[in-house]
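Remarks on the structure that follows.
The values are calculated or read from the model by the stated rules, or taken from the named source; none is laboratory data. The model shown is predicted, which means the values in this text are computed figures rather than measured ones. Because the Cβ atoms are built from the backbone with ideal geometry, glycine has one as well, and the counts that use them run over all protein chains shown. Heads up: the accessible areas ignore ligands, DNA and RNA and are worked out on the full protein's heavy atoms, side chains in. Shrake-Rupley method; radii C 1.70, N 1.55, O 1.52, S 1.80 Å.
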Amino acid sequence: MSNPRDFHAPQSSYTREDLLKSSEGGYFGPGNAQLPAPPMLMIDRITEISLNGGEFGKGHVIAELDIAPGLWFFDCHFLGDPVMPGCLGLDAMWQIVGYWLGWSGSPGKGRAVGVGEVKFRGDIKPDIKRVRYEVSMRQVRRGKLAVGIADGSVFADDACVYFAKDMRVGMIASAV
């Protein structure tokens, strides 16, 4: 597998355009981490990313998603009671952990492999302006298989609407 550092110089923040380039593949080198393309790309920007920040001092990411009433999931979840599916917020945090692993130099493609606990405290409805994801790396194992374990919270504007503990993402070898 190629070394992500040979293809990408880490930055401390990323624009939507940067994230869209990542969804096309090759951003961190052939066969390495890539974000999903829209509409499954659940983040518009990364405002902070570090190797040693966060609650546990092992790295963190703060990312955002702009909410508009016309987003695809509001039309179908639920009819007459539009709400962003909670699983999409959880998926966004898995996306962020996989991105962080590629950004920090782990080769391979990120795959969600589990979560310890998820608790919901509220909803993300069409009148919300911005969703903020705050993810703190708890543990990072590098070797033949890199694994990132993180805790994260999802905020609707400034209210925490859910959080997850022990989200796990593994970096698998690409078939390419």
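Brief remarks follow.
- Net charge in the neighbourhood of residue 24 (other residues with Cβ under 12 Å of its Cβ; Lys, Arg +1, Asp, Glu -1) is -1.
- Across the protein chains, with a 1.4 Å probe defining accessible surface, the residues 129, 109 rank 129, 109 from largest area downward.
- Surface accessible to a 1.4 Å probe, per residue, for the residues of the chain, Å²: 47 Å²
- Adding -39500 (n - 2.57) for every DSSP H run of four residues or longer, then dividing by how many residues the chain holds, sets the calculated 222 nm ellipticity at -4500 deg cm²/dmol.
- Summing charges over neighbours of residue 35, with a neighbour being any other residue whose Cβ is under 14 Å away from its Cβ, gives 0 when K and R count +1 and D and E count -1.
- Computed about the Cα centre, the dipole magnitude for segment 4-136 is approximately 260 debye when only Lys and Arg (+1) and Asp and Glu (-1) carry charge, each at its Cβ.
- In segment 61-157, the C-alpha radius of gyration followed by the widest Cα-Cα span (Dmax) gives 14.9, 49 angstrom.
- Alpha-carbon Rg/Rh ratio, for the chain, with Rh computed the Kirkwood way: 0.96
- Pairs from 21/109; 58/129; 109/129; 109/165; 21/165; 119/144 whose Cα-Cα separation, in the structure shown, is over 27 Å: 58/129; 109/129; 21/165; 119/144
- Max mean-square fluctuation residue, GNM over the chain, Cα-Cα springs under 10 Å, options 150, 37, 164: 37
- Accessible surface of segment 1-100 [probe 1.4 Å, protein heavy atoms]: carbon and sulfur percent: 56 percent
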